[in-house]
Structure formats: C-alpha cells, structure tokens
1. Based on what the data block shows, is Ser71 of a type outside the set (Lys, Arg), modelled with pLDDT of 90 or more and out of contact with any His (no Cβ under 6 Å at 6 or more places or on another chain)?
2. Considering only residues of the range 56-74 that are among the hydrophobic types (A, V, I, L, M, F, W, C) and assigned to a helix (DSSP H, G or I), which is surrounded by the most Cβ atoms within 10 Å (Cβ to Cβ)?
3. Among the residues of the range 75-87, is there at least one that is surrounded by 12 or more Cβ atoms within 10 Å (Cβ to Cβ), farther than 30 Å from Leu26 by Cβ and over 13 Å from the mean Cα position of the chain (by Cα)?
4. Name the single residue that is farthest from Arg120 (Cα to Cα) among those in the range 18-32 being in contact with a strand residue (DSSP E or B) (Cβ under 7 Å, 6 or more places away or on another chain) and either small (Gly, Ala, Ser) or open to solvent by less than 80 Å² (accessible area, probe 1.4 Å) (or both).
Amino acid sequence: MEHISKIAFPGLGIGEFDLNNMAFDLGKILSFLGKENSSFPVYWYGIIITCGIVIAFLYANYRGKYESIKSDDITDIALWTVIIGVIGARLYFVLTKLDSFIPKGEFNLVEFFKNVINLRNGGLAIYGGIIAGASTIIVVTIIKKINFLKLWDMAA
C-alpha cells in the first residue's frame, strides 16, 4: 500500500512535492536471498527517528568526556532508554486504544499480548516513550551513581 505525502519548504524556496512514506521494502530485498516473498515496508519516519537516536547517542558520548561520564555508562543508558522507551510507547498506544485490542466479551490473554508486542500492527505513542525513557534514565543514573543533572543537561 503506497502512501504519498505532500511536502514543502517555502522558507527555503522549495515548493510542494510528493514523497512516498515508504523508503523501501525489506521483503523484496530478502526475496533475492531466497527468503519467502513477503512485504516488510520500512518507512521514512522510522529512518529519521533512528538517525536522531544515533546522533543523540554520539553527541552524548562526545559530551560525556567533558562531564566525566564514562562512554560505557552512556551506552548502557542509551540501550536501556531506547528499549524501555519503545515498550512504553507501545504500551501507551495500546492503553489509549484498548477497545481495538480487546474484542467485546472475548478477552484472550495470549492473543492480547501477541497484538501488544506486534509493532507492525498498530503504532507507538510519543508520550509513552518519553515517560518510559525519562523514567529509565532516572533509574539507571541512580543505579550507576551518575550525576542526574549532568546527564539531563547533556540530554537537553
């Protein structure tokens, strides 16, 4: 399914143009390797968010030297924050759309959890990701005895 968005940057003198939301289909690439022909679209927003996470990590790692925070600690914080942040974003999304995940009168715990962990079937909510990510940073800084304010200054 193809979704086209119209994009413009009038302040830069770039007029309106069409952009396909899907960057590429990983399923088609895998089919060349002998895998079953299936669709696995990769969208631009996922690529952009991933680039943002990587750039933020690299910047925090760079700033960590000046704030006396070890690179290993920043890596640990980044890994836990991303993982727990995605879980929090999905959980928040599911909780706000609970009626879509539980058919009326037919609650099945196994099916419910399959739907919850299936990130390809639904979405993520940024509020849940921010809440879970910020909570994770607080917990990890306490466990690792890192100056919380220095880390938050770097994160900002």
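1. Numbers: of a type outside the set (Lys, Arg): yes; modelled with pLDDT of 90 or more: yes; out of contact with any His (no Cβ under 6 Å at 6 or more places or on another chain): yes.
The answer is yes for Ser71.
2. Here is the first cut: in the range 56-74, the residues among the hydrophobic types (A, V, I, L, M, F, W, C) are 56-58, 60, 69, 74.
After this cut, where a residue has to be assigned to a helix (DSSP H, G or I) as well, the list is 56-58, 60, 74.
Working: Ala56: 15, Phe57: 17, Leu58: 12, Ala60: 19, Ile74: 22.
Ranking the candidates gives Ile74 first.
3. No, the conditions are met nowhere in the range 75-87.
4. First, pick out the residues of the range 18-32 that are in contact with a strand residue (DSSP E or B) (Cβ under 7 Å, 6 or more places away or on another chain): 18-26.
From the residues that got through so far, the ones that are either small (Gly, Ala, Ser) or open to solvent by less than 80 Å² (accessible area, probe 1.4 Å) (or both) too are 19-23, 25-26.
Numbers: Leu19: 21, Asn20: 18, Asn21: 15, Met22: 14, Ala23: 16, Asp25: 13, Leu26: 13 Å.
Only one residue tops the list, namely Leu19.
Yes/no matrix, rows are residues, columns are (1) modelled with pLDDT under 90; (2) in contact with a Ser or Thr (Cβ under 7 Å, 6 or more places away or on another chain); (3) not acidic (Asp, Glu):
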site	(1), (2), (3)
Asp76	no, no, no
Ile84	no, yes, yes
Ile87	no, no, yes
Val94	yes, no, yes
Val110	yes, no, yes
Asn115	yes, no, yes
Leu119	yes, no, yes
Leu151	yes, yes, yes
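The values are calculated or read from the model by the stated rules, or taken from the named source; none is laboratory data. No experiment lies behind these values; they were computed from the predicted model shown. Note that each Cβ is placed from the backbone with ideal geometry, even for glycine, and that neighbours are counted across all protein chains shown. Surface accessibility is based on the protein's heavy atoms, side chains included, excluding ligands, DNA and RNA. Shrake-Rupley method; radii C 1.70, N 1.55, O 1.52, S 1.80 Å.
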